[in-house]
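Have a look at the structure below before the remarks.
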Amino acid sequence: MKIFSWNINGIRAIMKKGFVEIIKKEKPDVICLQETKAFEDQIPKQLLELGYDIVWHSGERAGYAGTAILTKIPALQSLSSFDNYPKFHEDGRVTEVEFKDFTLLNIYFPNGGDRADGTPMVPYKMEFYDELTEYIKKKRKKQKNILIVGDYNIVHSDIDIARPDANRNTIGNTEPERQKMYEFMKKTKMVDTFREQNPKKKDEYTWWSYRAIGARERNVGWRIDYAMCTEEMIPMIRKITHKQKIEGSDHCPVVVEVNGS
């Protein structure tokens, strides 16, 4: 199974940048999208014509957040939020499908940057990680094979950012955030599949700031898009790659090949 995960920074915008052609070339079985920024009645016709079953979870605010899973593999069931956590439902951050051999979650984690009105959002981001931790611990009791793809919005370690020292106090790379990710992985027994297969590989990033002129061309980036799986699922992960040459968003796609259905 080929899973294609991408923060597209707006489905309507990416459709104008060759999205359909990219999908036809890559031929993924499952597509996980973050930051779709559209309500369900705004799904582009060209997307519907690709022949995938669609699980769409839009945010309540127009043009903000949202996630979607498109699949050609029959799903046993689909969900669009953590159980009993309506607080995190309003931004459409989670889509989930259960396949025969594993459960797939597609998540757009909070960025953590302050809102326009000055409201600090790092506490919200930390709480999201805490609630996800409890949710995954609960799910593990019934399903050992769990894969979480998406934009985690936290740098895992210094090797995952081009300029770690210059960004020590930048949201997404602060020590409390890194510690929160470490705690999440430890408590849920999740593994960063890319680092599992490429423990020392450098210059592998998935996001480049639009604000920094020429950041992508110079590869001054951050790796904040991950595919993490439970320890039991590691043997099922054949390969994970970053499609850094595919443009259209400030993120690049992450492709995971899984043995299973």
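What dipole magnitude, in Debye to the nearest 20, does the chain give about its Cα centre under +1 on Lys/Arg Cβ and -1 on Asp/Glu Cβ? If you can, show how the numbers build up before the last one.
Values: 42 positive and 39 negative charges, 135 e Å.
Dipole magnitude for the chain comes out near 640 debye.
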Inset, instruction - Pop the C-beta distance of Y182 and Q244 into the FRET formula with R0 = 22 Å and round what comes out to the nearest 0.05. - result: 0.30
Legend entry - Mean-position separation - Cα centroids, the range 194-241 and the range 120-180, in angstrom: 14 Å
Inset, instruction - Using +1 at the Cβ of each Lys and Arg and -1 at the Cβ of each Asp and Glu in the range 171-242, identify which of I240, G214, N173 lies farthest towards the dipole's positive end. - result: G214
Legend entry - Point-to-point label distance, K189-E231, nm (Cα→Cβ direction, 7 Å offset): 0.5 nm
Inset, instruction - Assign unit charges at the C-beta atoms only (+1 for Lys and Arg, -1 for Asp and Glu), then state the dipole size of the range 92-180 relative to its Cα centre in Debye, rounded to the nearest 20. - result: 500 debye
Inset, instruction - Using only the Cα atoms of the range 18-112, build the gyration tensor, take square roots of its eigenvalues as a ≥ b ≥ c, and label the shape rounded, prolate or oblate: rounded if a/c is under 1.5, else prolate if a/b is larger than b/c, else oblate. - result: oblate
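For the chain, what's the relative contact order in percent, using C-alpha pairs closer than 8 Å and at least 6 residues apart? Mind showing how you got there, number by number?
On the way: 570 pairs, mean separation 50.7, N = 261.
Averaging sequence separation for qualifying contacts and normalising by length gives 19 percent for the chain.
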Inset, instruction - Work out the charge dipole of the chain with +1 on the Cβ of Lys and Arg and -1 on the Cβ of Asp and Glu about the Cα centre, then indicate which of I73, F88, P44 is farthest towards its positive end. - result: I73
Legend entry - Estimated inter-spin distance, A166 and R61, nm [label 7 Å along Cα→Cβ]: 2.9 nm
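Sum up the charges of everything whose Cβ sits under 12 Å from the Cβ of F194, counting Lys and Arg as +1 and Asp and Glu as -1, but leave F194 out.
Values: positive: R195, K200, K201, R223, K239; negative: D160, D192, E196, E204, D225.
So the environment of F194 carries a net charge of 0.
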Inset, instruction - Arrange the peptides 96-108, 239-251 so that the one whose residues have, on average, the most other Cβ atoms within 10 Å appears first. - result: 96-108, 239-251
Inset, instruction - Would you mind getting me the FRET efficiency between D53 and E90? Use the beta-carbon distance for r and R0 = 30 Å, nearest 0.05. - result: 0.75
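Computed from the coordinates by the stated procedures, all read-outs in this text should not be read as laboratory data. The structure displayed is predicted, hence computed values, not measured ones. Reconstructed Cβ throughout: ideal geometry from the backbone, glycine too, with neighbour counts over all protein chains shown.
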